[in-house]
Amino acid sequence: MGGATLLLSACENYEGGNAGPSNTFIGNVPEGVAEIAAPYQDLSRVRIDPADGCYVYQYVGPVETTFLPLRSKDGRPICARAPEAT
């Protein structure tokens, strides 16, 4: 029984936790971002992931809804800030 509780709490944290992107969608994606974004992505449900400063969009699939990196037409992630140097 304790394992089931742990499993359910893990799902709850994964689905509804605050560890992911911010909880606010961008009203209007900047024109430059819209121009370079690949066409198969939903630009009406976009956020900036505070962990890396990159845009993510909400993907509604047949099994789950999740956030995926917003990608340019050539497949690169689109970010609002440059990656930090290591």
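The values are calculated or read from the model by the stated rules, or taken from the named source; none is laboratory data. Quick caveat, the model's predicted, so the values are computed rather than measured. Reconstructed Cβ throughout: ideal geometry from the backbone, glycine too, with neighbour counts over all protein chains shown.
In this structure, does LEU8 turn out to be at pLDDT below 90 and either assigned to a helix (DSSP H, G or I) or among the aliphatic types (A, V, I, L, M) (or both)? In short, yes.
Scanning the range 25-71 for residues that are of a type in the set (S, T, N, Q), loosely packed, with under 13 Cβ neighbours inside 10 Å and assigned to a strand (DSSP E or B) gives a single hit, THR65.
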